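What follows is a single structure, written as structure tokens, with notes after it.
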Amino acid sequence: MPVEFLTDEQAAAYGTFAEVPMRSELERFFYLDDVDRDLIALRRTRSHQLGFALQLTTVRYVGLFLEDPLEVPWPVVEYLAEQLDIADPSWVKAYTRRKQTAYEHAWEIRDAYGYKVYEDHEMGRKFRTFLHGRAWIHAEGPVALFDHAVGWLRRHRVLLPGVHVLARQVSEVRKAAESRLHATVAKATRQVDPALPGQLLALLEIPEGKRWSDLERLRKPPTRNSGSSLAKALHRVEEISAFDLGRLKLAHVPPNRLSALARQAMNSKTSNLGRPSEPKRTALVCTLVRHLEAMAIDDALDLFALLMSTKLINPARRGTDKERLAMLPKLERASRILARASRVLIERLQAVEETQTDLDVAALWAAVATVASRAEVHQALEQVESLISPEDDGGDSAMRRALTDRYNTVRPFLTLLGESPALGAASGGKRVLAAVRRLPALARRKVKQRALLPKEIDEKLVPPMWRRAVYANPDLLAGSVDRDAYVMCVLEQLMRALLRRDIFASPSHRWSDPRARLLDGAQWQAVREDVLAGLGLEVPVIEHLAERVHVLDAAWRQMADRLEEAGEEAKISIVVPERPGTPKATASRKVAVSYLSGSSRSGCK
């Protein structure tokens, strides 16, 4: 039978050699340093030396002493025998002839290396602190938490308990973390408004005459790509945002825990959400609605970006490209006439310049007339001017004028978009967001009765490619602004700002402010204790980093010593490049001991 959440295979592999250690694991856990060798050398016989080394490295790798010290893969025995210069590893079989010897050695190893029993009060307190912090901060499954618990015990040299004991403690801690989460969310919901839990739970009920509940209706994302569909998506955002769940004080709750609870609710049928007891029921519905608010905002902005791309910008670009292609034959004919006339004109002017004679205009026109009449030249010039945009924008200006004709597509959602409280801006997007906030007033403006003037818009938001469409509409009064063109210009600037995250949405998963996840100030202090406990960091950061530096420096020094001892027999070498750069380890028998002996011993950190 499986142990709690563990399978039979996982339970059987606990505290044993489930497989033969890899070479890297042998070098990490089964390498005998000078301290190990000194302690092993106190054994009188070769079998006791090898058996003692086997127990020493086994507890380092597995986390406990085995009932049968010889129940290890044979490559491990051979690796240890090679380090101890024991020719015949099979001598280790004599180690268990006297059972008390293994127990005595295990106690000696425990005392010499500072191993603690699981029941140790001080280490038990630290372990529980870590386990509760980890379960609260990380929304991970029981097996993952179990593995982290085993890792913590091994790192802190606490002998592993029975698999049943540890599995039961992990289950209890996870249950306590879930109960804490449900109680915290439900309490925060009641604190902002005692009636709010009831309002949220009312979403689960099916209104009279309806086929589904309001919650089920709010779960459905938009399915069509149109301006009216975007308006409905914004109405959905407005309806969910009316609960104002941003008021909930949940800064001390890890976001991933809230996300995991919301996913659990999302994967449940609406009819099942009302079955759990309190406070779990309120917590589930509350986090689900918070999640739906972010999803609704994401859906609306996704639809806005899709609408701008597929229904507005791309069709306008295709239309202007098609017009430009249709004009190409006329443009070619007119350009051909102007090119011939220009060549004759340039040749005559060069001749006048070379001969230093007076310019004869009549003779000049007569020379041009040999390739095209004066009327043909004027007609070709007028045609080129009418076919080519005066702005050097490669047709972008024409595309923006075509985009203005699609104002009716965006008109249904302008008011909702401009009044949406979900949008926020960084410093680079504040001007654009301010223009978006004025869109509702512009949408209500009757421009035929009262023209829009340049002073009423933000002219700095109108790039050169939009100026002709915004300021030079021949159908409007001179000096007035084309309202439709300016609105489309603002919407294009909004889309660009959203993609750059100069404008962002909150709450949101895909369009949020990337800096919002950086904890600082009060937000960090609210979760600091749990985060540090979950990471197993108990000392101040300066001490922690100093300890890491010390370990790294010791590793370099030990490596230098080993390479120096090996001499020409070393399997690797450290090569220092001639030019300034990072030394590299290579598979070579030539050892650059001078580098390691010098730089590492002088404090290479």
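Sequence-ordered 3J(HN,Hα) estimates for the range 144-156 from the Karplus curve with 6.51, -1.76 and 1.60 and θ = phi - 60° stand at 4, 5, 4, 5, 5, 5, 4, x, 5, 4, 5, 4, 9 Hz, glycine and proline given as x. The listed residues M266, M495, once ranked by accessible area (1.4 Å probe) with the largest placed first, stand as M266, M495. Under 5 Å between amide hydrogens, built in the peptide plane, is the criterion, and for F504 it picks out G424, A425, A426 among residues at least 5 positions away or on other chains. For the chain, the share of accessible area belonging to carbon and sulfur comes to 53 percent (1.4 Å probe, ligands and nucleic acids excluded). Summed over qualifying helices (DSSP H, 4 residues or more, each -39500 (n - 2.57)) and divided by its residue number, the chain shows a 222 nm mean residue ellipticity of -18500 deg cm²/dmol.
Over 25 Å apart at the Cα level, from the set K187/K232; K220/K430; K175/K249, are K187/K232; K220/K430. Taking all protein chains as shown and a probe of 1.4 angstrom, D475 keeps an accessible surface of around 140 Å².
In the range 1-70, which trypsin sites (Lys or Arg not before Pro) fall in coil by DSSP and have 12 or fewer other Cβ atoms within 10 Å? Those satisfying the criteria are R44.
For Y31, no residue has an amide H sitting under 5 Å from its own, ignoring neighbours fewer than 5 places away on the same chain, with H placed 1.01 Å from N.
For a test of the definition: using alpha carbon positions, the gyration tensor, and the 1.5 limit on a/c, classify the chain as rounded, prolate or oblate. Judged from the Cα gyration tensor, the chain comes out oblate (a/c at least 1.5, b/c at or above a/b). Restriction of the trypsin sites (Lys or Arg not before Pro) in the range 90-192 to DSSP coil positions whose beta-carbon has at most 15 other beta-carbons within 10 angstrom yields R97, R98, R157. If exposed means no more than 13 neighbouring beta carbons inside 10 Å and the site is in a DSSP loop, what's the longest run of the chain without any exposed GluC sites (Glu not before Pro)? Looking at the chain, 209-537 is the longest stretch - no exposed GluC sites (Glu not before Pro) with at most 13 other Cβ atoms within 10 Å. Per residue, the chain exposes an accessible area of 57 Å² to a 1.4 Å probe, with every protein chain left in place. Computed from phi, the 3J(HN,Hα) profile of the range 49-60 under the Karplus parametrisation 6.51, -1.76, 1.60 (θ = phi - 60°) reads 4, 5, x, 4, 4, 5, 5, 4, 7, 5, 5, 5 Hz, with x in place of Gly and Pro. With a 1.4 Å probe rolled over the protein heavy atoms of all chains, the accessible area of K232, K311, K280 falls in the order K232, K311, K280, largest first.
Placing +1 on the Cβ of every Lys and Arg and -1 on the Cβ of every Asp and Glu, with nothing else charged, gives the chain a dipole about its Cα centre of roughly 2240 debye.
In the assembled protein chains, S228 presents an accessible area of approximately 60 Å² (probe radius 1.4 Å).
Taking amide H positions as modeled 1.01 Å from N, with prolines and chain starts lacking one, the residues under 5 Å from V158 and 5 or more places away or on another chain are K116. Of the whole protein surface, W91 contributes about 120 Å² of accessible area at a 1.4 Å probe radius. Computed from backbone phi with θ = phi - 60° and the Karplus coefficients 6.51, -1.76 and 1.60, the 3J(HN,Hα) list for the range 474-482 is x, 7, 10, 5, 4, x, 9, 10, 7 Hz; x is used for glycine and proline. The local environment of V352, defined by Cβ-Cβ distances under 9 Å, has a net charge of -3 under the rule Lys, Arg +1 and Asp, Glu -1.
The values are calculated or read from the model by the stated rules, or taken from the named source; none is laboratory data. Everything numeric in this text was worked out from a predicted model, so none of it was measured. Positions of Cβ are backbone-derived with ideal geometry, glycine not excepted, and every protein chain shown enters the neighbour counts. The area values use the complete protein model at the heavy-atom level, side chains included, leaving out ligands, DNA and RNA. Shrake-Rupley method; radii C 1.70, N 1.55, O 1.52, S 1.80 Å.
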